[in-house]
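Okay, structure first, notes after.
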Amino acid sequence: MTSFQPAIVPGEAPPADSVHPRESSQAAPTSVSRLNDTIRGFIDKWGSVWVEGEITSWNVRGGNVFGRLKDLAGGSTISFRIWSSTLQRLPDDLKSGDHVIACVKADFFPKTGDFTFAVSSMRHVGLGDQWERLERLRAQLRSEGLFDAARKKRLPFLPHTIGLITGERSDAEKDVLRNSELRWPHVQFRVRYAAVQGDRCVPETLAALKALDADPAVDVIIIARGGGDPQTLLGFSDERLLRAVAAASTPVVSAIGHENDRPLLDDVADLRASTPTDAAKRVVPDVAEQRAVVRDLRARLSTRLTQRVRHDILQLEQLRSRPVLRAPSSMIDGRAQELWMQVSRGRDIVDRRIETQARRTAELRATLRALSPAATLARGYAITHLADGVIVRDALQAPAGSRVIVTLERGSLAARSEGEIAESAPAVDADRSA
């Protein structure tokens, strides 16, 4: 076993309790506490140093901040902590993705063996390159309307089949399946596994999304991951994946489960869930809740119907209690005398009108008879007219041989004129005189 030999700063004596190679052997090993104390003693002698990098993780717990700082050129990272007393002196808008410079001092915890850097000062330099690219992409997608609520599809009330894209044997998969089955046991899943971080994340997620979107049985698709630091969530802010989700015909739910640093997928998806468990609750209705809703609606419906029937019965009783309906014959009896008087008056008026018109008719008939030629014919006179209907008023109108028609009181007869008779004139004149 190789013994641990700490580096000794030239010109300085080793600490009294430090671990010396001659004091540690296979037969007489040193304790973990003494080893950690030795490391702590050497690290405490390191001074503070200013470093530049990009914040890739910023988590606030108990008023303190625990995060990671990434090198701008390479992939090296360090972990840091900021105590609450120090945090009060720093800018309020520090967050993941910021390009900063920080004054840090190495710190080692002997009890746990954890190594980190304590921050005593930190200030902005600008947005990190990675964060700046995400912000430009966010602005571009927003200008294209991919974040608009109007374009997002509504989730079905009760999906029969749910497509799930997640990591294989992940806690996110277990959370979605377990909570969905607890809420609605008959729900079905089509699970497609994909890497949820790293270089394979985007192509595998795109392939799974394409397969589930093409499946006509899938009603909604959930992309689930159990959270993580922003660096591991970069795949869910990839432009290819975002545009594929926006173009999908099936509603897509983002359940990445990261509150502090949301990937752009949360803004493009049709629904954002805070965690995989929350996705199951928001996609699958709770059968117990739905039954309670149905019972409540049935109770409300029964109550309303009962109230309506009681109200109508009360109104009917009020109508029946009115005098006109309680004794309908009273209304007829009260109107009978008035009706009899009106009928009698009508008969009198009609009789008088008939008598008046009868007298008028008799008068007109008498006048007509007085003016009618029939009255003259009844006294023995006759009317002679030619064949063309012209009345003969002068004997010269019917010379001898003329054919005439003589109209009497009863009937007419044909005759032929013998010409004018001179001696008959006095007789006619005498008759006229009479």
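The values are calculated or read from the model by the stated rules, or taken from the named source; none is laboratory data. Note that the structure is predicted; figures quoted are calculated from it, not measured. Here the Cβ is made from the backbone with ideal geometry for all residues, glycine too, and neighbour counts use every protein chain on show.
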Is it the case that some residue within the stretch 239-251 is more than 23 Å from Lys174 (Cα to Cα), over 25 Å from the mean Cα position of the chain (by Cα), buried (at least 18 other Cβ atoms within 10 Å of the Cβ) and at pLDDT below 90?
-> no
Could you please let me know if Arg123 is among the charged types (D, E, K, R), out of contact with any Ser or Thr (no Cβ under 6 Å at 6 or more places or on another chain) and in a strand (DSSP E or B)?
-> yes
Condition check for Val51: out of contact with any helix residue (DSSP H, G or I) (no Cβ under 8 Å at 6 or more places or on another chain) and surrounded by 14 or more Cβ atoms within 10 Å (Cβ to Cβ) = yes
Yes or no: Arg298 outside the structural domain of Val191 (by TED's automatic domain parsing), more than 25 Å from the chain's Cα centre (by Cα) and at pLDDT 90 or above?
-> no
So which of Thr112, Thr161, Thr77, Thr166 ends up being more than 27 Å from Thr277 (Cβ to Cβ) and either touching a residue at least 60 places away in the same chain (Cβ under 8 Å) or surrounded by 15 or more Cβ atoms within 10 Å (Cβ to Cβ) (or both)?
-> Thr77
Criterion: surrounded by fewer than 21 Cβ atoms within 10 Å (Cβ to Cβ), over 25 Å from Arg243 (Cα atoms) and in the same structural domain as Thr277 (by TED's automatic domain parsing) - qualifying residue of Leu182, Leu206 = Leu182
Exclusive hit being assigned to a helix (DSSP H, G or I) and either modelled with pLDDT of 90 or more or in contact with an Asp or Glu (Cβ under 8 Å, 6 or more places away or on another chain) (or both), set Arg432, Arg359 = Arg359
Scanning for something aliphatic (A, V, I, L, M), without any contact (Cβ under 8 Å) to a residue 40 or more places away in the chain and surrounded by 13 or more Cβ atoms within 10 Å (Cβ to Cβ), does the stretch 416-424 turn up at least one residue?
-> no
Assess whether Ala172 counts as being surrounded by fewer than 17 Cβ atoms within 10 Å (Cβ to Cβ), within 22 Å of Arg282 (Cα to Cα) and out of contact with any His (no Cβ under 7 Å at 6 or more places or on another chain).
-> no
Answer yes or no: is there a residue in the stretch 185-199 that is touching a residue at least 60 places away in the same chain (Cβ under 8 Å) and either out of contact with any helix residue (DSSP H, G or I) (no Cβ under 9 Å at 6 or more places or on another chain) or under 22 Å from Ala280 (Cβ atoms) (or both).
-> yes
Residue pairs within 7 Å by beta carbon, gap of at least six or interchain, first lying in the stretch 35-56 and touching a residue at least 24 places away in the same chain (Cβ under 8 Å), second of a type in the set (S, T, N, Q), listed first then second, are Thr38/Ser18; Gly41/Ser18; Ser48/Ser120; Glu54/Gln130; Ile55/Ser96; Thr56/Thr77; Thr56/Ser96; Thr56/Gln231
